[in-house]
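Trainee: Before anything else, here's the structure in question.
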Amino acid sequence: MAILLLAEHAGGHLAPATLATIGAARALSEKGAGDIAILIAGSDCAAAAEEAKTVPGITKVLVADDAAYGNGLAENVAGLMVALAPDYSHVLAPATTFGKNICPRAAALLDSQQISEITEVIDSDTFVRPIYAGNALATVRCKDAIKVVTVRATAFEKVQPGDGAAPVENVSGPGDAGLSTHAGAELSRSERPELTAARVIVSGGRGMQSGDNFKQLEEIADILGAAVGASRAAVDAGFVPNDFQVGQTGKIVAPELYIAVGISGAIQHLAGMKESKVIVAINKDEEAPIFQVADYGIVGDLFQVLPELKAELEKAKS
Amino acid sequence: MKVLVAVKRVIDANVKVRVRQDGTGVETANVKMAMNPFCEIAVEEAVRLQEAGTASETIVVSAGPQAAQETIRTALAMGADRGIHIPLDGPVEPLAVAKLLRAVAEKEGAELVLLGKQAIDDDSNQTGQMLAALLGWSQGTFASKIEINGGTARVTREIDGGLETVELKMPCVVTTDLRLNEPRYASLPNIMKAKKKPIDSMTADDLGVDVTPRLEILKVAEPPVRGGGAKVENAAELVDKLKNQAGVI
């Protein structure tokens with residue numbers, strides 16, 4: 001048995017979700033699933049490969065340096081995975097939009113029923129995964145010869161690069177499938193930490209009333225070194241872009257501190273943040289479901305509370 | 001261009017699901033069911049393509065129990081032309097559904113298959129990608145915009161970092177995200193009209209697909225309950241508690 005792990009990487013570094021996927025792979029390896037080979041696919045990905053070889057637990061780095069893999073096109077990367085997979089018993093990828101796009105395509109070609117977004121490894125073929133927006137946890141066993149698994153990053157410890165020196169091997173696959181091309185991207189640029197990697201998140205909901213009012217959250221986020229998130233309602237209303245969305249179908253986060261402002265706490269939102277260590281809710285509706293999961297709730301008008309909170313935080317930080 | 005839309009019947013998004021006492025699954029008896037919200041967006045997009053003259057026919061397909069026909073009927077009331085029901089009892093796994101859909105897509109000569117990005121019951125997010133793989137087609141997942149121009153589909157995708165646009169060679173599979181459109185409510189006259197639209201039945205055997213489950217569900221349990229509900233009076237008390245009690249700032 002052995003594990004093939006598809007890495008998501010950018011700017012020469014492994015993505016935080018990849019480091020958590022390595023955490024899951026190590027748990028799996030300890031349960032007898034064998035060595036861990038990490039696949040770095042992309043163009044000019046030597047720096048990411050250099051980083052990957054240092055991560056504790058990695059026994060081999062496979063590098064597929066080819067322009068066809070540069071933009072993470074599922075048609076091309078899945079073809080590469082399928083070419084490599086027969087040497088492995090497990091194929092793992094982070095359950096990010098990158099992994100979710102590619103992995104099922106590879107699984108189908110391997111005739112394997114993928115297990116999505118695992119949160120626990122029971123043994124080498126048994127996993128726990130949330131269903132119904134996290135309102136139930138299913139323990140499932142996979143009987144397929146090659147088990148394809150995506151990993152929920154918040155459920156596993158991120159394994160940081162260290163002083164390992166795993167061997168690096170160049171591999172190639174079928175290359176460009178000729179089915180799709182990357183035609184551009186509009187990526188959000190922010191000085192703040194990324195939502196899924198942030199220690200503190202300040203999120204706003206429909207109660208914020210406008211995109212302009214999110215500035216008040218940004219000011220508080222900047223005092224705390226936090227990321228800014230949002231509920232689906234705030235994204236649908238156009239207050240902030242889609243990549244701010246926390247929830248069942250958006251980003252799943254588990255920071256040390258999550259501050260929900262003007263968010264009522266729909267099941268779909270709670271699914272994305274209820275694993276946070278400490279939850280604060282600020283909402284004028286005392287009956288809002290968000291208060292049921294909040295460690296500290298303030299019932300009040302957020303436009304009154306936010307300036308006070310900003311002042312108190314500045315005082316506490318000075 | 002023929003468009004195939006896959007729909008799934010699930011527990012209504014507004015129902016609080018309950019895990020069965022015996023740990024075999026969640027309670028579905030006497031629970032309100034509805035079309036998976038992402039599937040509604042897929043149906044709406046197909047109907048819009050047809051209204052714009054891009055699509056010539058919209059066929060709605062669902063694999064599931066007899067009652068899945070009601071879900072197909074809902075899609076017909078939104079404007080789809082006809083339905084196909086694949087009777088299946090018990091768990092429906094994405095790989096099996098993808099194989100069924102491949103058979104239907106090939107049989108119907110569809111050039112575009114639209115699906116929701118995930119069903120809100122098992123949250124797998126797999127079927128569309130698997131279908132594209134089995135057909136050997138291109139895929140545009142988590143779409144917030146679709147433009148079809150001759151042999152190419154230009155799809156804007158919602159990704160973790162923002163938005164990405166891909167150009168796909170037709171035929172293709174597209175899965176819908178939340179911001180693609182806002183599904184319409186079916187009007188009463190259209191609900192009446194939908195009753196006369198045809199729904200064919202095709203079994204998994206007819207389609208030559210083995211739907212034996214690959215995964216064994218050992219147990220379904222309630223997640224640990226999170227304690228909460230404590231209140232503080234004001235921002236000063238909050239900051240004090242975050243600093244001195246929780247130690248997170």
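Trainee: Quick one: in region B:195-239, of everything that is more than 8 Å from every other protein chain (Cβ to nearest Cβ) and not in a loop (DSSP other than H, G, I, E, B), which residue is surrounded by the most Cβ atoms within 10 Å (Cβ to Cβ)?
Mentor: By that ranking, first place goes to B:Ile199.
Trainee: A follow-up question, please. Does region B:65-76 include one or more residues that are of a type in the set (A, V, I, L, M), under 17 Å from A:Pro104 (Cβ atoms), touching a strand residue (DSSP E or B) at 6+ places or on another chain (Cβ under 8 Å) and crowded, with 24+ Cβ neighbours inside 10 Å?
Mentor: no
Trainee: Let me ask something additional. Find all pairs meeting these conditions: Cβ atoms under 8 angstrom apart; at least six residues apart or on different chains; first residue within region A:306-318 and at negative phi; second residue part of a helix (DSSP H, G or I) and modelled with pLDDT under 95.
Mentor: none
Trainee: Here's something else I'd like to know. Could you identify the single residue in A:Val278, A:Val299, A:Val305 that is surrounded by fewer than 24 Cβ atoms within 10 Å (Cβ to Cβ), of a type in the set (A, V, I, L, M, F, W, C), at the interface with chain B (Cβ under 9 Å from one of its Cβ atoms) and within 22 Å of the chain's Cα centre (by Cα)?
Mentor: The unique qualifying residue is A:Val278.
Trainee: Within region B:27-46, work out how many residues are outside any loop (DSSP other than H, G, I, E, B), buried (at least 22 other Cβ atoms within 10 Å of the Cβ) and not acidic (Asp, Glu).
Mentor: Residues flagged as outside any loop (DSSP other than H, G, I, E, B), buried (at least 22 other Cβ atoms within 10 Å of the Cβ) and not acidic (Asp, Glu) within region B:27-46 amount to 7.
Trainee: Report yes if B:Thr165 is closer than 19 Å to A:Thr181 by Cβ, hydroxyl-bearing (Ser, Thr, Tyr) and more than 7 Å from every other protein chain (Cβ to nearest Cβ), otherwise no.
Mentor: Against the criterion (closer than 19 Å to A:Thr181 by Cβ, hydroxyl-bearing (Ser, Thr, Tyr) and more than 7 Å from every other protein chain (Cβ to nearest Cβ)), B:Thr165 does not qualify.
Trainee: Let me ask something else about it. Quick test for you: out of B:Val113, B:Val97, B:Val92, B:Val104, pick the one residue that is modelled with pLDDT under 95, over 22 Å from B:Met192 (Cα atoms) and buried (at least 16 other Cβ atoms within 10 Å of the Cβ).
Mentor: Numbers: B:Val113 fails: modelled with pLDDT under 95; B:Val97 fails: modelled with pLDDT under 95; B:Val104 fails: modelled with pLDDT under 95.
Matching residue, one of B:Val113, B:Val97, B:Val92, B:Val104: B:Val92.
Trainee: Name the residues in region A:132-156 that are surrounded by 19 or more Cβ atoms within 10 Å (Cβ to Cβ), in a strand (DSSP E or B) and touching a Leu at 6+ places or on another chain (Cβ under 7 Å), would you?
Mentor: Scanning region A:132-156 gives A:Val140, A:Cys142, A:Val148, A:Val149, A:Val151.
Residue by residue, here is whether (1) in a strand (DSSP E or B); (2) not β-branched (Val, Ile, Thr) holds:
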{"site": "A:Gly207", "(1), (2)": "no, yes"}
{"site": "A:Ser210", "(1), (2)": "no, yes"}
{"site": "A:Asp222", "(1), (2)": "no, yes"}
{"site": "A:Gly229", "(1), (2)": "yes, yes"}
{"site": "A:Ala234", "(1), (2)": "no, yes"}
{"site": "A:Ala254", "(1), (2)": "no, yes"}
{"site": "A:Glu275", "(1), (2)": "no, yes"}
{"site": "A:Val280", "(1), (2)": "yes, no"}
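Trainee: Would you check if there is a residue in region A:118-131 being of a type in the set (Gly, Ala, Ser) and either over 18 Å from the mean Cα position of the chain (by Cα) or part of a loop (DSSP other than H, G, I, E, B) (or both)? Spell out the reasoning first.
Mentor: Narrowing region A:118-131 to residues of a type in the set (Gly, Ala, Ser): A:124.
Adding the requirement that they be either over 18 Å from the mean Cα position of the chain (by Cα) or part of a loop (DSSP other than H, G, I, E, B) (or both) leaves A:124.
Yes, the conditions are met somewhere in region A:118-131.
The values are calculated or read from the model by the stated rules, or taken from the named source; none is laboratory data. In this text the structure is predicted, and so the values were computed from the model without any measurement. Heads up, the Cβs are rebuilt from the backbone with ideal geometry, glycines too, and the neighbour counts pull from every protein chain shown.
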